[in-house]
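First the structure, in the form of structure tokens, and then the observations on it.
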Amino acid sequence: MTASSPGTSPGTSPSTADPDDDLAARLRAVHRRIAAAESAAARPVGSVRLLLATKTVPAPPIRAALAAASSLGRPVLLGENRVQELVAKGPELADLHPDVHVIGHLQSNKVNAALRWASCVETVDTPDLADRLGERAARAGQLLDVLVQVNVSGEATKYGVEPADAVPLAVRVAAVEGLRLRGLMTVGARSPDDAVVRAGYALLRRLRDDVVASGAPGTSDATALSMGMSGDLEAAVAEGATLVRVGSAVFGARAPAAAP
Ligand SMILES: *Cc1c(COP(=O)(O)O)cnc(C)c1O
């Protein structure tokens, strides 16, 4: 719902008249969860950055979230899954200069639009996509940050390179002109078993360590681990996430997607 929608949504306290106040409260709650997870893992508070996953969320609540984040003194990143949404919302958010990452599967023919609005593509999972991104970035005189997406759970519905191929692909991507490899990303296992979820995140951390330890050209900055969402960010922070991607815990539940 947007700031201009009449009435209150179910589950919202009737005394909370302004939906932007709810949003700010949910954002603070997510920051508290991250801080508690950092402490539990004996990691420095503030070592995990927050990216707000904004798929299906219109521009006004995103603007409210950015405003709430900056008034907390905790700037956030934004993440879009679909280039179509990136392009539609980009102009509506441009005055706030958000730092936007692509976090969904990127088709090669959408590379130009992605480069126009995003500072980082987190979903590189083939040499072809890396080459195309690098070529466009270099031609535009840009250096584009990228992460290599790894499918740690092996679930067939998920994008990402197989774990066994992750280090060779990362080394290959790190050498592409126009790109700067910043680390690895994954979408965690869809499992009610916390141990299964954590094992996937631990695997991504070991792969990241192997990439950096390879000493290959361009891998020394590949320290980022983008992992963890609304339901499992604690497990991800425990396993070393440097960036968690949170949508529903801040913006509320999304309508079920029409197609996978
Ligand atoms: C939607 C999405 C998220 C956030 O998921 P929530 O469960 O809403 O926090 C994170 N990462 C990716 C890639 C997503 O598509």
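The values are calculated or read from the model by the stated rules, or taken from the named source; none is laboratory data. Small disclaimer: the values here were computed from a predicted structure and weren't measured. Here the Cβ positions follow ideal geometry from the backbone for every residue, glycine too, while neighbour counts run over all protein chains shown. Each accessible area value is taken on the protein alone, full model and side chains, heavy atoms only, with ligands, DNA and RNA left out. Shrake-Rupley method; radii C 1.70, N 1.55, O 1.52, S 1.80 Å.
Each residue in the range 159-173 was checked for being crowded, with 20+ Cβ neighbours inside 10 Å and in contact (Cβ under 8 Å) with a residue 40 or more places away in the chain, and 6 pass. Of all residue pairs spaced 6 or more apart or on separate chains, those with beta-carbon atoms under 8 Å, a first member in the range 42-53 that is without any contact (Cβ under 8 Å) to a residue 60 or more places away in the chain and away from the ligand (no atom under 16 Å from the Cβ) and a second member that is open to solvent by less than 40 Å² (accessible area, probe 1.4 Å) and outside any loop (DSSP other than H, G, I, E, B) are PRO44/GLU38; VAL45/ALA35; VAL45/GLU38; GLY46/GLU38.
Evaluating PRO58 against the criteria (1) within 16 Å of the ligand (Cβ to nearest atom); (2) open to solvent by less than 30 Å² (accessible area, probe 1.4 Å) leaves one unmet condition, (2).
Within the range 74-110, if we keep just the residues that are modelled with pLDDT under 95 and either aliphatic (A, V, I, L, M) or more than 18 Å from ALA140 (Cα to Cα) (or both), the residue that is most open to solvent (accessible area, probe 1.4 Å) turns out to be PRO75.
Rundown of residues vs (1) under 15 Å from the mean Cα position of the chain (by Cα); (2) buried (at least 20 other Cβ atoms within 10 Å of the Cβ); (3) within 11 Å of the ligand (Cβ to nearest atom), yes/no style:
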{"position": "THR157", "(1), (2), (3)": "no, no, no"}
{"position": "ALA175", "(1), (2), (3)": "no, no, no"}
{"position": "LEU179", "(1), (2), (3)": "no, yes, no"}
{"position": "ARG190", "(1), (2), (3)": "no, no, yes"}
{"position": "VAL211", "(1), (2), (3)": "no, yes, no"}
{"position": "ASP221", "(1), (2), (3)": "no, no, no"}
{"position": "GLY231", "(1), (2), (3)": "yes, no, yes"}
{"position": "ARG254", "(1), (2), (3)": "no, no, yes"}
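Might you let me know whether the range 191-202 holds any residue that is under 23 Å from ARG82 (Cβ atoms) and touching a residue at least 24 places away in the same chain (Cβ under 8 Å)? For the range 191-202, residues under 23 Å from ARG82 (Cβ atoms) and touching a residue at least 24 places away in the same chain (Cβ under 8 Å): absent. For the range 154-188, a residue qualifies if it is at pLDDT below 95 and among the small types (Gly, Ala, Ser), and the qualifying residues are GLY154, ALA156.
Checking the stated criteria, ARG116 turns out to be open to solvent by 40 Å² or more (accessible area, probe 1.4 Å) and either small (Gly, Ala, Ser) or over 25 Å from MET227 (Cβ atoms) (or both).
What tally of residues in the range 233-251 results from selecting those that are small (Gly, Ala, Ser), open to solvent by less than 20 Å² (accessible area, probe 1.4 Å) and more than 9 Å from the ligand (Cβ to nearest atom)? Qualifying residue count for the region: 4.
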